[in-house]
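The values are calculated or read from the model by the stated rules, or taken from the named source; none is laboratory data. Since we're looking at a predicted model, the values are computed, not measured. Glycine also receives a Cβ, built like all others from the backbone with ideal geometry; neighbour counts cover every protein chain displayed.
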Amino acid sequence: MIPATLLAVNTTVTVTVPATITMGQSSVPPGNYSQLLAAKAIWSVGSCSSPSLLYAGSQNFTFTAKATVAKSCNITTNDLIFPPAGDLNTPIDGQTTLNVQCTKGTPYTIGLNGGTSGATDPTARLMKKGTESIRYGLYQQAGGVAPWGATSTIGGTGNTFYLPTIVYGRVPVQPTPSPGTYTDTIIATVTY
């Protein structure tokens with residue numbers, strides 16, 4: 001119920017009807033939603049000099065409540081940490097998980113850039129420590145299968161829950177640089 005409003009004779013008033021979309025409706029697909037609502041305005045007219053009721057009335061009317069659910073996606077991840085190794089004479093594997101949450105029914109793809117070295121080959125990214133580096137690759141499958149880059153993407157369809165996608169990493173056999181921690185930064189891009 002909207003509170004009463006004092007009006008002068010022959011005036012128009014605009015009334016704001018508060019509305020709230022409740023939380024916890026994550027299973028709704030993108031689109032436009034609306035509902036036709038019925039309402040009733042009730043009024044009475046009196047005067048300051050004569051407080052008795054001079055006129056009363058009501059009017060039924062309808063209005064539409066509208067909301068748009070837009071397509072959206074969120075992504076979270078953890079670092080990919082390769083196990084320590086004394087030499088790079090055998091391949092070293094590691095993995096992490098990307099978690100993607102998209103609006104229900106929203107198709108998406110995930111691409112991974114070439115890291116800070118700007119590698120265009122997904123298998124030739126570089127983790128660096130000063131001027132030294134270690135070559136590594138990111139893959140869609142374990143064992144160095146299906147390189148994962150900016151154009152070789154993985155896709156899915158949103159279902160409102162976080163969907164885990166495993167990122168497989170592999171350091172191939174190569175000359176071993178000096179001991180230390182080697183790092184790179186990868187940007188994951190979700191296109192929807």
(request) Could you tell me which residue of region 126-142 is farthest from residue 96 (Cα to Cα), considering only residues that are polar (S, T, N, Q) and over 32 Å from the mean Cα position of the chain (by Cα)? (result) 131
(request) Write out, first by first residue and then by second, each pair whose Cβ atoms fall under 9 Å of each other, whose residues are 6+ apart or on separate chains, and whose first residue, in region 80-91, is closer than 16 Å to residue 179 by Cα while the second is assigned to a loop (DSSP other than H, G, I, E, B) and aliphatic (A, V, I, L, M). (result) 88/173; 89/173
(request) Taking the options 131, 116, 151, 123, name whichever one is hydroxyl-bearing (Ser, Thr, Tyr), within 24 Å of residue 179 (Cα to Cα) and surrounded by fewer than 15 Cβ atoms within 10 Å (Cβ to Cβ). (result) 131
(request) Identify, by number, the condition in (1) hydrophobic (A, V, I, L, M, F, W, C); (2) surrounded by fewer than 18 Cβ atoms within 10 Å (Cβ to Cβ); (3) in contact (Cβ under 8 Å) with a residue 24 or more places away in the chain that residue 145 doesn't meet. (result) (3)
(request) Return yes or no: is residue 160 at positive phi, touching a residue at least 40 places away in the same chain (Cβ under 8 Å), surrounded by 13 or more Cβ atoms within 10 Å (Cβ to Cβ) and out of contact with any helix residue (DSSP H, G or I) (no Cβ under 7 Å at 6 or more places or on another chain)? (result) yes
(message) Can you list the strands (runs of 3 or more DSSP E) lying wholly within region 111-192 that have 2 or more residues being out of contact with any Lys or Arg (no Cβ under 7 Å at 6 or more places or on another chain), farther than 27 Å from residue 29 by Cα and of a type outside the set (D, E, K, R)?
(response) 132-141, 145-147, 163-171
(message) When you check residue 139 against the structure, is it within 30 Å of residue 68 (Cβ to Cβ) and out of contact with any Leu (no Cβ under 9 Å at 6 or more places or on another chain), yes or no?
(response) no
(request) Identify the residue in region 86-116 that is small (Gly, Ala, Ser) and modelled with pLDDT of 95 or more and, among all such residues, is nearest to residue 169 (Cα to Cα). (result) 94
(message) Please pick out the residue among 143, 180 that is farther than 29 Å from residue 106 by Cβ and modelled with pLDDT under 95.
(response) 143
